[in-house]
Amino acid sequence: MKKKSIRFLACSDIHSNLNLINDISKNVNFSKIEFVLFNGDLSNVPSDFAKLLKPFIDNNKDIFMIPGNHETKSGIKSLKEVYNVKLIGNKPLIFGDNELGIFGTNYMEIGAFSKFEKDIFDNMIENFIAVSKCKFKIQMNHIPAIDTMIGDASPYPFISGSEPLKQFLDSDEFCPDVCFVGHIHETSGLEEIVNKTRVINLAETFKVFEFNFENNSLIEVK
């Protein structure tokens, strides 16, 4: 029998914060969610992984992730090999009969996984193409778009938004339905519309979403 809906947890910028993990454990009904999305900056301390991932592993939840600027290459290797965390960049998820596609990129302008802006933009397109037939598309990108309310909120001049993401979202050729971002803590939990895309900042917070396969809609579950 075809599922009517699917629920999942999404969060970003945990930064080894066990209090936030405890909040998730207390407030999320794991029996009703099917998987977890980490939008980067889980931790740059591999020795913290076991404690941070315990609630998800104990509840047998698949964990999908894109790196943030605080992730290290050795840390990501450990997450993949020891904790079975799956990188979604270059391996998009498709649910139902092409109803829901979730895609992202493993690259950004800063950090261990930094690339040139053109390479990041090209990789976004490559991953978008993989889900292009899906009726509803969710993008994961650690850094929010530059020249947006969410992306320009940091008071620090060395923390800025993403040029490639702005270029991607501004193009009517792409326009994912939803884009999860993080990185800018000052706008944690806020949403805005960029062109036609609903952008949600998950930095230092978590949200549970439900996707309805019957009407192809995504809602936040309170």
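The values are calculated or read from the model by the stated rules, or taken from the named source; none is laboratory data. Computed from a prediction, not measured in an experiment: that's the story for all the values here. Don't worry about glycine lacking a Cβ; one is built from the backbone with ideal geometry, like all the others, and counts go over all protein chains shown. Just the protein is used for accessible areas: all its heavy atoms, side chains included, with ligands, DNA and RNA removed. Shrake-Rupley method; radii C 1.70, N 1.55, O 1.52, S 1.80 Å.
Values as computed for the structure displayed
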{"quantity": "Residue that is open to solvent by less than 40 Å² (accessible area, probe 1.4 Å) and not aromatic (Phe, Trp, Tyr), where the choices are Val45, Val85", "calculated": "Val85"}
{"quantity": "Residues (open to solvent by 70 Å² or more (accessible area, probe 1.4 Å), within 16 Å of Gly111 (Cβ to Cβ) and free of Cβ contacts under 8 Å to residues at least 24 places away in the same chain) located in segment 146-171", "calculated": "Tyr156, Phe158"}
{"quantity": "Lone qualifier among Cys175, Cys134 - being more than 19 Å from Met65 (Cα to Cα) and open to solvent by 10 Å² or more (accessible area, probe 1.4 Å)", "calculated": "Cys175"}
{"quantity": "Flag if Leu52 is part of a helix (DSSP H, G or I) and either of a type in the set (Val, Ile, Thr) or open to solvent by less than 50 Å² (accessible area, probe 1.4 Å) (or both)", "calculated": "yes"}
{"quantity": "In segment 67-103, the residues that are closer than 16 Å to Asp41 by Cβ and assigned to a loop (DSSP other than H, G, I, E, B)", "calculated": "Pro67, Gly68, Asn69, His70, Glu71, Thr72, Val85, Ile88, Gly89"}
{"quantity": "Among the residues listed as Asn106, Asn60, the single one being within 19 Å of Pro144 (Cα to Cα), in a loop (DSSP other than H, G, I, E, B) and open to solvent by 10 Å² or more (accessible area, probe 1.4 Å)", "calculated": "Asn106"}
{"quantity": "Among (1) open to solvent by 80 Å² or more (accessible area, probe 1.4 Å); (2) modelled with pLDDT of 95 or more, the one test that Asp97 misses", "calculated": "(2)"}
{"quantity": "Selection from segment 1-42 of residues that are over 30 Å from Ile110 (Cβ atoms), in contact with a Lys or Arg (Cβ under 8 Å, 6 or more places away or on another chain) and surrounded by fewer than 19 Cβ atoms within 10 Å (Cβ to Cβ)", "calculated": "Arg7, Phe30, Lys32, Glu34"}
{"quantity": "Cross-chain or 6+ apart pairs with Cβ under 7 Å, segment 20-36 first and farther than 20 Å from Ile102 by Cα, then aromatic (Phe, Trp, Tyr)", "calculated": "Ile24/Phe206"}
